[in-house]
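Engineer: Dumping the structure here so I can ask a few things about it.
The values are calculated or read from the model by the stated rules, or taken from the named source; none is laboratory data. Not measured: the values here are computed from a predicted model. For neighbour counting, all protein chains shown are included, and Cβ atoms are generated from backbone atoms with ideal geometry for every residue, glycine included.
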Amino acid sequence: MPFVQTANLRVHYQVAGSDAAESGDATLLLLHGNFASWRWWQPVLTRLPAHYRAYAPDMRGCGDSERPGFGHNIEMLVNDVHAFVSSLDLGPVHLVGHSLGGAVALQFALDHPELVRSLVLVAPPPAEGQSVVCRGNSLAHWTWRLFDIDRETLGLTFRLLRHLGANRALLRSALTRLAPTLPHDQAFVTLVSDAARMAPEAVVGHIQTLDSWNVEAELPKLRLPVLVLAGGRDVLVFPDALERLSSALRRGRMVVWPDVGHAIQLEQPDRFVTLIREFIDYHSVAWWRRWIRRLRQMGGLRPRCERTEQPDQAV
């Protein structure tokens, strides 16, 4: 159970893969969402090839990281990520963020582009803020209504959150709606337990910060390759809102899987790892090697040697 002490926070994290990942070229940093912990990345950590090095920290107030009782906003969470990267001397990383972690990842890439090689946003909030999808009878709408907090209702909200932590049935129901294809096995029970022990200040802070966060105007500045992944059965973030995010990016690409919900990496871990491996491996290759490959495909440059496959071999 590794920890790292940064300037402001004691951070718990899990790590997988080889120490020999070359100069960060195959180093991943995985950021979880609200009501979550590093365990939302456990299926990914166990499926990555050995030459990858992947880090999955718990955000402040979540999992086994320190619970200072404040700082649960995107600005501070970005500072926490920067301190984590600096403390472990990770260098430029391939950054992957889910849900709230997607907002933190995107803001981190905008603030510190020199530390990010590529960006994968998994069911992230829209760039205009989460409130734009809070409509009708959606889960997002009722969640925001529940935590529409002012000073007069803050005490009531914290009592409600403590009751919510004790009400495992309610948490199981919410996770079932978020991840409709996820089996109710022991791993599911562990995810519910992690949600139940999350600091109430973190729950409130995360929802409030996503309501006011808006980076729509900054998206064209981002020159990094970005993959946006959406679930067609997501009741919290709708694909049409993420299409606007992807379209505003210089190097954005969007993929929608119609058969999954909000917890894409948990519901389809094999498929998810294959997708991000292809994306990251492509963007880990030096730009000049990609141009050489493209020229060869166009017939403008002959390879140094020819190889003939046997007729029955797969190409």
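Engineer: For Val228, which of the numbered conditions (1) outside any helix (DSSP H, G or I); (2) more than 16 Å from the chain's Cα centre (by Cα); (3) buried (at least 19 other Cβ atoms within 10 Å of the Cβ) fails to hold?
Structural biologist: It is condition (2) that Val228 fails.
Engineer: Return the pair list, or none, for Cβ contacts closer than 7 Å from residues in segment 176-190 that are under 13 Å from Ala36 (Cβ atoms) to residues that are basic (Lys, Arg) and assigned to a helix (DSSP H, G or I), at least 6 apart or on different chains.
Structural biologist: Taking only residues 6 or more apart or on different chains, the pairs are Thr190/Arg39.
Engineer: Going through segment 83-96 one residue at a time, which ones are touching a Ser or Thr at 6+ places or on another chain (Cβ under 9 Å) and of a type outside the set (A, V, I, L, M, F, W, C)?
Structural biologist: Ser86, Ser87, Gly91, Pro92, His94
Engineer: Now a separate question. Can you tell me how many residues in segment 47-99 are of a type outside the set (S, T, N, Q) and in a helix (DSSP H, G or I)?
Structural biologist: 11
Engineer: Among residues belonging to segment 109-132 that are out of contact with any His (no Cβ under 7 Å at 6 or more places or on another chain) and free of Cβ contacts under 8 Å to residues at least 60 places away in the same chain, point out the one that is surrounded by the fewest Cβ atoms within 10 Å (Cβ to Cβ).
Structural biologist: That would be Glu114.
Engineer: Working carefully through the options Ala217, Ala202, find the one that is free of Cβ contacts under 8 Å to residues at least 24 places away in the same chain and assigned to a helix (DSSP H, G or I).
Structural biologist: The unique qualifying residue is Ala217.
Engineer: Confirm whether Ala166 is modelled with pLDDT under 90 and exposed (fewer than 13 other Cβ atoms within 10 Å of the Cβ).
Structural biologist: For Ala166, the condition - modelled with pLDDT under 90 and exposed (fewer than 13 other Cβ atoms within 10 Å of the Cβ) - is met.
Engineer: Right, something else. Only one of Thr209, Thr274 is at pLDDT 95 or above, out of contact with any strand residue (DSSP E or B) (no Cβ under 8 Å at 6 or more places or on another chain) and part of a helix (DSSP H, G or I). Can you tell me which?
Structural biologist: Criteria check complete, one pass: Thr274.
Engineer: Would you be able to say whether some residue in segment 62-74 is touching a Phe, Trp or Tyr at 6+ places or on another chain (Cβ under 6 Å) and β-branched (Val, Ile, Thr)?
Structural biologist: yes
Engineer: While we're looking at this one, here's another question. Being at pLDDT 95 or above, in a helix (DSSP H, G or I) and under 20 Å from Leu249 (Cβ atoms) is the requirement here; does Ala109 meet it?
Structural biologist: Yes: the conditions hold for Ala109.
Engineer: Can you report the number of residues in segment 57-91 which are within 15 Å of Ala109 (Cα to Cα), touching a strand residue (DSSP E or B) at 6+ places or on another chain (Cβ under 9 Å) and among the charged types (D, E, K, R)?
Structural biologist: Matching residues across segment 57-91 total 1.
Engineer: Here is a further query. Say whether the condition of being without any contact (Cβ under 8 Å) to a residue 24 or more places away in the chain and out of contact with any Asp or Glu (no Cβ under 8 Å at 6 or more places or on another chain) is met by at least one residue in segment 17-24.
Structural biologist: Among the residues of segment 17-24, at least one is without any contact (Cβ under 8 Å) to a residue 24 or more places away in the chain and out of contact with any Asp or Glu (no Cβ under 8 Å at 6 or more places or on another chain), which makes the answer yes.
Engineer: Quick test for you: out of Leu154, Leu191, Leu175, pick the one residue that is assigned to a helix (DSSP H, G or I), at pLDDT below 85 and either closer than 24 Å to Glu75 by Cβ or touching a helix residue (DSSP H, G or I) at 6+ places or on another chain (Cβ under 9 Å) (or both).
Structural biologist: Being assigned to a helix (DSSP H, G or I), at pLDDT below 85 and either closer than 24 Å to Glu75 by Cβ or touching a helix residue (DSSP H, G or I) at 6+ places or on another chain (Cβ under 9 Å) (or both) holds for just one of Leu154, Leu191, Leu175, which is Leu154.
Engineer: Would you mention how many residues in segment 185-206 are over 19 Å from Trp40 (Cα atoms) and either in contact with a Gly (Cβ under 6 Å, 6 or more places away or on another chain) or of a type in the set (Val, Ile, Thr) (or both)?
Structural biologist: So the count comes out to 2.
Engineer: Turning to a different aspect of this structure: Only one of Leu48, Leu28, Leu95 is at pLDDT below 95, in contact with a strand residue (DSSP E or B) (Cβ under 8 Å, 6 or more places away or on another chain) and crowded, with 16+ Cβ neighbours inside 10 Å. Can you tell me which?
Structural biologist: Every option except Leu48 fails the conditions.
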